[in-house]
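Below you'll find the structure I mean.
Coordinate-derived values only; no laboratory data. Since we're looking at a predicted model, the values are computed, not measured. Neighbour counts run over all protein chains shown; Cβ positions are idealised from the backbone, glycine included.
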Amino acid sequence: MTVGNKRRQPSLAQLRAFAAVAEHLHFRDAAAAIGMSQPALSGAVSALEEALGVTLLERTTRKVLLSPEGERIAVRAKAVLGEVGALMEEAEAVRAPFTGTLRLGVIPTVAPYLLPTVLRLVHERYPHLDLQVHEEQTASLLDGLAGGRLDLLLLAVPPPSSRQRSNRGDPHGVPGVSELPLFDEDFVLVTPLDHGLGGREGIPRQALRELNLLLLDEGHCLRDQALDICREAGRDDVPVTTTAAGLSTLVQLVAGGLGVTLLPRTALKVETSRSNQLLTGYFADPAPTRRIALAMRVGAARGAEYEELAAALRQALRPLPVRVLEQDA
């Protein structure tokens, strides 16, 4: 319907329906994703097409395709919905800090070792905050943060000494993401009982050149960090014969005599307590390290809250075997 030369404004519900169809290219899946019935979703998309005077979808009996016009409108619709989400986030932050929902993404090589501290802190200090935790690999977390699916990340970021970049605030080279550094922690060498480096201190990094090093599967940032440490020690090639999906399995492979591995200090107590067939070796200073930080979108409406949370976390994490950092680290 038009009034004079003006078309009716599309509603947010119509934009959400169309954005879901554009993402899933399937009416049933799109309806399930946004909690709408399929007839209501189809009607909302049709109403949007009428309001805009544009055919957005090419419907066949077997699949749904975006029209060329629909592809362009989908980009705009996503941007509008993102701005509406930011508006709601801003209103929530203004209304009362540390209330509402906080969607926290955590990498698997951090979650089991830091979440007890994080959850205890949130429970005791921010009782009205609805914390939702999502454990995923780094690439998925960064995508979720950029797309608005996640609010805050707890992950490993490259320390300043290992990255050259003009914008010091975007971890992993992702524009629009800033980090709140929490701590640095050393890596240790975990070996079987009969290994020559087991239990030793002052191990030179060059020793990594000759070791049968076991790694996590592709996609884990800890795997990439281990390979970087090997390259820094002068080893360019690490033959991959056995990998594991998690640190627990990796450590059990070491206990079974299949090789050695690198563990961050925060994981050491949890993972090595399950077996009496392991020894720990410590590197000479400066030991290989990783940095753990919170990551948020640049200009996040709740940025001040996240900075306060980071400061509280730094204090709560001091009992762990880490070197706590300040914001300007």
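Just to be sure I understand: with springs between alpha-carbon atoms less than 10 Å apart, which residue in Leu15, Leu263, Leu193 has the highest mean-square fluctuation in the Gaussian network model of the chain?
Leu15
Quick check: the distance between the Cα centres of the stretch 135-153 and the stretch 183-236, to the nearest angstrom?
Going from one Cα centre to the other spans 28 Å.
If a/c stays under 1.5 just call it rounded; otherwise compare a/b with b/c (prolate if a/b is bigger, oblate if not). Do that for the stretch 166-297, with a ≥ b ≥ c from the square roots of the Cα gyration tensor eigenvalues.
prolate
Then there's this: Considering only C-alpha atoms, what is the centroid distance from the stretch 289-329 to the stretch 10-88, in Å?
Centre-to-centre (Cα) distance: 38 Å.
I've got another one for you. If you average over every viewing direction, what projected area does the convex hull of the Cα atoms of the chain give, in nm²? Display every interim value, and only then the final one.
Details: hull surface 87.2 nm².
With every direction weighted equally, the projected area is 21.8 nm².
Would you mind working out the magnitude of the charge dipole of the stretch 208-274 relative to its Cα centre, with +1 at each Lys and Arg C-beta and -1 at each Asp and Glu C-beta, to the nearest 20 Debye? Present the calculation step by step, with values, prior to reporting the outcome.
On the way: 7 positive and 9 negative charges, 68 e Å.
Charge dipole of the stretch 208-274: 320 debye, to the nearest 20.
Quick one: which of 66-79, 214-227, 131-144 comes out on top by average Cβ neighbours within 10 Å, and what's the full order, highest first?
214-227, 131-144, 66-79
With n ≥ 4 as the cut-off for DSSP H runs, can you work out [θ] at 222 nm for the chain, using -39500 (n - 2.57) per run divided by the number of residues, rounded to the nearest 500?
-12500 deg cm²/dmol
Tell me the Kirkwood hydrodynamic radius of the stretch 13-87 in angstroms, computed as one over the mean inverse distance between distinct C-alpha pairs.
Taking every pair of different Cα atoms in the stretch 13-87, averaging 1/r and inverting gives 12.2 Å.
Using a 10 angstrom cutoff on alpha carbons, build the Gaussian network for the chain and name the most mobile of Ala244, Ala111, Ala13.
It is Ala13.
Tally the DSSP beta bridges in the chain and give the antiparallel ones as a percent, rounded to 5.
Values: 29 of 43 bridges.
Within the chain, antiparallel bridges account for around 65 percent of the total.
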